[in-house]
Amino acid sequence: MSETCFVITPFGGQFDDNYNRVLMPAIEAAGFKPIRGDSVYGTRPVIDDIFHGIRSASVLVADVSGKNANVNYELGISHAFKRPVVIISQKIEDIPFDYQHLRFVIYDIEKETWAADLAENVTRTLKAHKEDMEQRLGNDGRKAALIGQWAGTLNQETDDGPVSIDTEMAMVPTTDGDIRGKWILHSAALAGYTIAFDVTCSTFSDQFIKLDFVSADKTIMTFGTFMARLSANARRLEGQYVGYGSVSDRIVNGAVILKKAAE
């Protein structure tokens, strides 16, 4: 699953068409999943959905054309959360002064090729942004990013079909410079067990992390390895695990997605 790009634009008319026809494909081409506020609003207050969308995104794209009040409000929220933003606008005069040092793309709708040009520039800018984040993170940064609370799901194949298991992980630094912690699985599907593992952060390669785990309570799985990809914003771990099931006496595997708790 791709990292998310939260898109801030005015709603209606040309801006809806620009989002659907130009921005969505451009963002997807850069390897991000585009999300706009009107696609996530649910039963919670609207502002809560906006806060969540901005805070959980790896990057934002904001169209400030026309100095729309709602757009500038959400842009301010992104600034408060220290989220990276790519700004687009039909006029450079519409870009707030405090944001003119950031990456921005100007598009002229009077130009015949404006849509293709905008898409190309947004894709290129987002790709450059992702490369910058990955280079800044480095191995030491990836290791430090593991520290904290994580929660998510593990999808495992069983004799009765796929099972979704709630899982959480807590990682802390040790005095010898390692990162260690606990990985816990909660599932009635696993005979009602709560399974706890001692986890050690092992090796890194680019954005990939190897976590080794050993059963802390000697229940139904003994040991294994979790190979995960850390997202560019260091708030998502996604990968595959393989382990030995001591009760089943066989190798078990599954897909894991973990998200870091807000700090």
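The values are calculated or read from the model by the stated rules, or taken from the named source; none is laboratory data. Computed from a prediction, not measured in an experiment: that's the story for all the values here. A quick note on method: Cβ atoms are made from the backbone with ideal geometry, for glycine too, and the neighbour counts reach across all protein chains shown. Surface accessibility is based on the protein's heavy atoms, side chains included, excluding ligands, DNA and RNA. Shrake-Rupley method; radii C 1.70, N 1.55, O 1.52, S 1.80 Å.
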Going residue by residue through the range 223-237, the Karplus relation 6.51 cos²θ - 1.76 cosθ + 1.60 with θ = phi - 60° gives ³J(HN,Hα) values, rounded to whole Hz and with x marking Gly or Pro, of 7, x, 9, 10, 9, 10, 9, 8, 5, 4, 8, 6, 10, 8, 10
For the ASP16, ASP198 Cβ pair and Förster radius 35 Å, calculated FRET efficiency rounded to 0.05 is 0.10
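Where does each of 9-19, 142-152 land if you order them by average Cβ count within 10 Å, highest first? Please list the in-between numbers first.
Working: 9-19: 15.5, 142-152: 17.5.
Final packing ranking: 142-152, 9-19.
Between beta-carbons, use under 11 Å as the cut-off and find the net charge around LEU23, counting Lys and Arg +1, Asp and Glu -1. Display every interim value, and only then the final one.
Working: positive: ARG21, ARG36; negative: ASP16, ASP17, GLU28, ASP63.
For residues surrounding LEU23, the net value is -2.
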With all protein chains in place and a 1.4 Å probe, ILE50 shows an accessible area in Å² (nearest 10) of 10
Scoring only Lys, Arg, Asp and Glu (+1, +1, -1, -1) among other residues with Cβ under 11 Å from the Cβ of THR9 yields -4
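Return one whole number: the accessible area per residue of the range 76-173 in Å², for a 1.4 Å probe.
58
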Ranking SER89, TYR99, GLY53 by how far each Cα lies towards the positive end of the charge dipole of the range 21-106 (+1 on Lys and Arg Cβ, -1 on Asp and Glu Cβ), the top one is GLY53
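Just order 76-89, 56-69 by mean Cβ neighbour count inside 10 Å, highest at the front, would you?
On the way: 76-89: 17.7, 56-69: 20.6.
Top to bottom by mean Cβ count within 10 Å: 56-69, 76-89.
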Expressed in square angstrom to the nearest 10, the accessible area of ARG36 with a 1.4 Å probe stands at 10
If each K or R counts +1 and each D or E counts -1, the residues other than TRP183 whose Cβ falls under 10 Å of its Cβ total -1
Distance in nm between ALA170 and TRP114 label points, each 7 Å along Cα→Cβ, equals 5.4
